[in-house]
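> My structure is below; once you've seen it, I'll send some questions.
The values are calculated or read from the model by the stated rules, or taken from the named source; none is laboratory data. Just so you know, these numbers come straight off a predicted model, no measurement behind them. Surface accessibility is based on the protein's heavy atoms, side chains included, excluding ligands, DNA and RNA. Shrake-Rupley method; radii C 1.70, N 1.55, O 1.52, S 1.80 Å.
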Amino acid sequence: MIQSFDHVQLTIKAGQLDTALAFYIDFLGFTRVPKPSTLRQSGAWLVSGSVNLHLGETNESNGDEEENLSLPRNAHPAFRVDNFAQLMETATQKGFKTRVDTGPSGYLRGSVWDPFGNRIELMQAL
């Protein structure tokens, strides 16, 4: 039986960790936590409340790096927030692509795209 999510991992371009951290820490409010020393130290682990987010960098060393990441159009994590309107306004001011969505009933809901094309859904219960 599945009890809960442990973490969500998103892909970012190699060498762009500072750009990713500006989005996830400065904009969304995550905190960076140390990765276990037994793991590759590229990318980053982030936490906000009970949400664990791992950022994995593409691997340039084996030729896997692509100019543009090819990400599934509908794949995304959805984060519960308590400041939906503020986040959407700030995202627009920072030049991030945004979209306000309808439903489900009882929620404010929309999406913002990180600098790598990952869609991040934001939901606030009314």
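> For the chain, taking Cα atoms only, what is the radius of gyration to one decimal and the Dmax to the nearest whole Å?
Here Rg and the maximum Cα pair distance are 15.2, 47 Å.
> While we're on this one: Carbon and sulfur together cover what percent of the accessible area of the chain at a 1.4 Å probe radius?
49 percent
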